[in-house]
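The values are calculated or read from the model by the stated rules, or taken from the named source; none is laboratory data. Since this is a predicted model, take the numbers as computed values, not measurements. Neighbour counts are summed over all protein chains in view; Cβ atoms, including those assigned to glycine, are modelled from backbone coordinates with ideal geometry. What goes into the accessible areas is simple: the full protein's heavy atoms, side chains included, and nothing from ligands, DNA or RNA. Shrake-Rupley method; radii C 1.70, N 1.55, O 1.52, S 1.80 Å.
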Amino acid sequence: AMVLSLTAISAFAAVSGTEEAPAKAAITKNLKVPEGATVPAAKFKFEFAPATTGSTSTAPNIPAKYATFATTDTATNGVVTKQAKDILSDVVWTTAGRYVYEVTEAQAAYKAEAATDEAYTSADGTTESFKYSKAKYKMTVDVKAKEDGSGFYVSAIAVEKVLDDNGGETSGKA
């Protein structure tokens, strides 16, 4: 099973930024593997869709982000963790405002480096397959104009987990 956690850099709470150090967010992917299994060479995709409500302006596109695992990765207590850092680095903000996105892991987005399907073989010879997270997060990004009028910066990011890993409703900070 894999777990998607959307982190506002060091915590699962709102973070603030300044013109000099804008707020940043990352996606942390925990891949659970059976004890003794080789970590599969895999790439997992995360998508950002503008929410239907909550934004003050048309939300700019956030390109999909990926967490990539290699067969040389080592699990600690059956988990390998990877991070897609600074997920807002490719976004061009053209106006100040509040922008709200829904963040999800693309289902069946596993891209095997050397296999043809989503299965892999564990150390004891059994075939394992992936269970994708069905979690959904609401990410709110506040953007402000720079004092000198030269552009915009991310002043705050807040993340709320809307659906849990099994797709069940939840409420609270991610």
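Number of residues in segment 73-89 that are closer than 26 Å to Val15 by Cβ and part of a loop (DSSP other than H, G, I, E, B): the value is 5. Among the residues of segment 41-51, the ones that are at pLDDT below 90 and either touching a His at 6+ places or on another chain (Cβ under 6 Å) or open to solvent by 10 Å² or more (accessible area, probe 1.4 Å) (or both) come to 3 in all.
Just one residue in the set Ala25, Ala64, Ala75 is modelled with pLDDT of 85 or more and surrounded by fewer than 15 Cβ atoms within 10 Å (Cβ to Cβ); that residue is Ala64. Looking for something open to solvent by less than 20 Å² (accessible area, probe 1.4 Å), at pLDDT below 80 and either assigned to a loop (DSSP other than H, G, I, E, B) or closer than 25 Å to Pro40 by Cβ (or both) - is there at least one such residue anywhere in segment 99-121? Checked against the condition, which is being open to solvent by less than 20 Å² (accessible area, probe 1.4 Å), at pLDDT below 80 and either assigned to a loop (DSSP other than H, G, I, E, B) or closer than 25 Å to Pro40 by Cβ (or both), segment 99-121 yields at least one hit. Which one is farthest from Gln107 (Cα to Cα), of the residues in segment 56-72 that are among the hydrophobic types (A, V, I, L, M, F, W, C) and not in a loop (DSSP other than H, G, I, E, B)? Result: Phe69.
Among the conditions (1) within 25 Å of Ile62 (Cα to Cα); (2) open to solvent by 80 Å² or more (accessible area, probe 1.4 Å); (3) modelled with pLDDT under 95, the only one that Lys144 does not satisfy is (3).
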